[in-house]
Structure formats: C-alpha cells, structure tokens
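> Shown below is the structure under consideration.
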Amino acid sequence: MSLYGHLQERRPDEKPVTISTLARMRAESVPIACITAYDASFGNLVDIAGVDVVLVGDSLGMAIQGHSTTVPVSMDAMVYHARCVSRGLQRPLLIADMPFASYALPEMAFNNAARLMQEGGAQMVKLEGGMVQVRTVEFLSTRDIPVCAHIGLTPQSVHKLGGFKVQGRETGAAERMVDEAKALEEAGADIVLLECVPSDVGAAVRAAVDVPVIGIGAGPKVDGQILVLYDIIGLTSGRKPRFVRDYSVETQNPLQAVQAYVASVKDGSYPAPEHCFS
Ligand code: KIV
C-alpha cells in the first residue's frame, strides 16, 4: 500500500451528500459539519474525517496565495483549486466560491458559475451579498445552478466595510439581515451562510428561513458550522478571529484535528460561548 493508500480507498457504500441530505439534516436537527479545502490531499483528508460539506473558499487568496484579503483571487484560480479538491472527494458536497467581481451581472455570474461546475466539479456555488444579489440568485437558480448565499460579514466587501467587523449590531441591522435571508431563499438559494454576527441574529435568521443556515461566528443556533481548514489544524499564524478554535493543540495530526472538529460540531460543543459574539 502506498503512503497515502488509506486516504485513497474507495468507499462505494457511502451515499454522497446532496442538497436533499442537507435539507433532511436540518429537518432532523442533525448538525452539518462544513470546512474549507484547497487541494486534493486535504479534500481527501476532510472527507475521511467525516465532514458533510467542503467549500473551496476564496479564503485561498489568504491561506494559499499570501494576500491580505480575498479580493485579488481570480476565476481561473477558483476553477483550478475546485478541480483539485473535487478529485479528492467522495462523500461531501462540494461548494466553490465565486470570486470578487465574477458575478456583478446575472449573465456573467451564470457563465462563471457554469465554469466552476463544469471545469471545477463544484455542485453548488457561493456568492456574497444581500438584496443586491437577489436577481442573480434567481437567474442562477432557475438555470439549475445550486446557490449558497453568503450574508453577514462578506469579506469581499472589506474595502467598503472598512475592515473585517462583526455585522448586525446596529439598530435595524438584524431585521435587514433576516429580510435579506428571506429574499435570497425566495429567489432560490439552497443554503444561507452567515458570517460574524451576534448569536441572537444567527438564531433569528435560522428561524426565518426553511433552508439550512451554516454559520461561521454566528453562534450555536444555526444548522451547521464552517471553519477555515488551516485555522483548525494550527497552520494560521497571527491574530485569529474569536470564532476560531485550533484543534491542533489537542490532537496529534491534521486528520485527528478535523475529526475532533467534526465531533464537536455534531455534539454541539463547538461553538462554545467564547467563540460567539453578542
Ligand atoms: O472563503 C471562505 O473560506 C469562506 C468561509 C470563511 C465561509 O467564505
């Protein structure tokens, strides 16, 4: 057996995760464990560790390419990394990020989303933004492109927001976010991803929609959690956001770290109060 033979084993009995699986998990209150990956080896590892959803995030601009924001990430880079990750996966659903400026108009979004699915092997695309994206989400969704709508802190807007800041704290902001989630669901979004908001805003958005809500820094009362792979296996240096938990400090290797993350999402011990915003 080769060095990585255990990671390359086929597991034909395991059913792939689909949007129907995620809808069922939400209905049955089974927490959805999601994580980012950027290459085939880690794709394979997080699959073996039991994650349900893998996101090829444009966070690769920071984690892989060394940029200080996600803004410089290109479509070609996203397609390349999605293709790499898709070769490593068997069970998880694969979502790929639409990078900055790749979905400003519906037709443009369709052409780029189709590339992520046809060339990159993605089964869903993620795009950032609230009301402004409703028309685009509808355009994609009615053309058979599954969509994850990312609201709350939208990192591609960093230069407009003036930094990476908790969202939804100002008067009326929580209500606006709930309205955005409802409008995006109505337009056909299959998942809402909610980043960096107080836990009660996470709970309010979750209660307002019927599709799965995945949180990152959105508290415990959502349907699933997502973290950046490199943050949880101890590969990120410098100051980390409050919601990050580094599982490498309590485990022996990256596979164990991701397994510990999955277990903590499933048993509800992550996120703990120290990972949440109020
Ligand atoms: O790009 C990314 O990795 C993301 C997650 C942090 C949600 O959008």
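The values are calculated or read from the model by the stated rules, or taken from the named source; none is laboratory data. Keep in mind that what you see is a predicted model, and the values were worked out from it rather than measured. Note: ideal-geometry Cβ built from the backbone for every residue, glycine included; neighbour counts use all protein chains shown.
> Checking A101 against (1) within 16 Å of the ligand (Cβ to nearest atom); (2) under 18 Å from the mean Cα position of the chain (by Cα); (3) farther than 20 Å from L235 by Cα; (4) surrounded by fewer than 22 Cβ atoms within 10 Å (Cβ to Cβ), which test does it fail?
Among (1) within 16 Å of the ligand (Cβ to nearest atom); (2) under 18 Å from the mean Cα position of the chain (by Cα); (3) farther than 20 Å from L235 by Cα; (4) surrounded by fewer than 22 Cβ atoms within 10 Å (Cβ to Cβ), the lone unmet condition for A101 is (2).
> Same structure again: Name, by its number, the condition in (1) under 26 Å from G88 (Cα atoms); (2) out of contact with any strand residue (DSSP E or B) (no Cβ under 6 Å at 6 or more places or on another chain) that does not hold for A149.
(2)
> Answer yes if at least one residue in the stretch 81-90 is touching a residue at least 60 places away in the same chain (Cβ under 8 Å) and either under 29 Å from L161 (Cα atoms) or of a type in the set (D, E) (or both), and no otherwise.
There is no residue in the stretch 81-90 that is touching a residue at least 60 places away in the same chain (Cβ under 8 Å) and either under 29 Å from L161 (Cα atoms) or of a type in the set (D, E) (or both).
> Looking at A189 and the list (1) within 11 Å of the ligand (Cβ to nearest atom); (2) among the aliphatic types (A, V, I, L, M); (3) assigned to a loop (DSSP other than H, G, I, E, B), which single condition is not satisfied?
Going through the list (1) within 11 Å of the ligand (Cβ to nearest atom); (2) among the aliphatic types (A, V, I, L, M); (3) assigned to a loop (DSSP other than H, G, I, E, B), A189 breaks only (1).
> Say we look at the stretch 217-235 and pick out the residues that are part of a loop (DSSP other than H, G, I, E, B) and on the phi < 0 side of the Ramachandran plot; which of these is nearest to the ligand (Cβ to nearest atom)?
V228
> Let me ask something else. Looking at the stretch 29-64, which of the residues that are hydrophobic (A, V, I, L, M, F, W, C), under 14 Å from the mean Cα position of the chain (by Cα) and within 11 Å of the ligand (Cβ to nearest atom) is nearest to R239 (Cα to Cα)?
Result: L60.
Quick grid of which residues meet (1) buried (at least 23 other Cβ atoms within 10 Å of the Cβ); (2) at pLDDT below 95; (3) under 21 Å from P198 (Cα atoms); (4) within 19 Å of the chain's Cα centre (by Cα):
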site	(1), (2), (3), (4)
E128	yes, no, yes, yes
M131	no, no, yes, no
L140	yes, no, no, yes
R143	no, no, no, no
V147	yes, no, no, yes
P155	no, no, yes, yes
E170	no, yes, yes, no
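> Additional query: Taking A174 and the conditions (1) among the aliphatic types (A, V, I, L, M); (2) surrounded by 15 or more Cβ atoms within 10 Å (Cβ to Cβ); (3) at pLDDT 95 or above, which numbered condition does it fall short on, given that it satisfies the others?
(3)
For (1) assigned to a helix (DSSP H, G or I); (2) buried (at least 17 other Cβ atoms within 10 Å of the Cβ); (3) on the phi > 0 side of the Ramachandran plot; (4) under 17 Å from the mean Cα position of the chain (by Cα), each residue gets a yes or a no:
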{"residue": "D200", "(1), (2), (3), (4)": "yes, no, no, no"}
{"residue": "V205", "(1), (2), (3), (4)": "yes, yes, no, yes"}
{"residue": "D210", "(1), (2), (3), (4)": "no, no, no, no"}
{"residue": "G215", "(1), (2), (3), (4)": "no, yes, no, yes"}
{"residue": "S237", "(1), (2), (3), (4)": "no, no, no, no"}
{"residue": "Q252", "(1), (2), (3), (4)": "no, no, no, no"}
{"residue": "Q256", "(1), (2), (3), (4)": "yes, no, no, no"}
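> Given the structure, is A181 within 16 Å of the ligand (Cβ to nearest atom), among the aliphatic types (A, V, I, L, M) and surrounded by fewer than 22 Cβ atoms within 10 Å (Cβ to Cβ)?
So A181 does not fit the description; no.
> With a cut-off of at least 3 residues that are at pLDDT 95 or above, name the helices (runs of 4 or more DSSP H) lying wholly within the stretch 1-98.
19-27, 40-48, 60-63, 75-88
> Being of a type in the set (A, V, I, L, M) and surrounded by 24 or more Cβ atoms within 10 Å (Cβ to Cβ) is the filter; apply it to the stretch 83-98 and report the residue that is nearest to D52 (Cα to Cα).
Among residues in the stretch 83-98 that are of a type in the set (A, V, I, L, M) and surrounded by 24 or more Cβ atoms within 10 Å (Cβ to Cβ), the one nearest to D52 (Cα to Cα) is L93.
> With the requirement that a residue be more than 16 Å from the ligand (Cβ to nearest atom), outside any helix (DSSP H, G or I) and in contact with a Gly (Cβ under 7 Å, 6 or more places away or on another chain), what does the stretch 108-165 give you?
T142
> How many residues are free of Cβ contacts under 8 Å to residues at least 60 places away in the same chain and closer than 27 Å to C148 by Cα if we restrict to the stretch 236-253?
Adding up the residues that qualify gives 7.
> T21 is checked against (1) in contact with a Leu (Cβ under 8 Å, 6 or more places away or on another chain); (2) within 13 Å of the ligand (Cβ to nearest atom) and fails just one. What number does that condition carry?
If we test T21 against (1) in contact with a Leu (Cβ under 8 Å, 6 or more places away or on another chain); (2) within 13 Å of the ligand (Cβ to nearest atom), just (2) comes out false.
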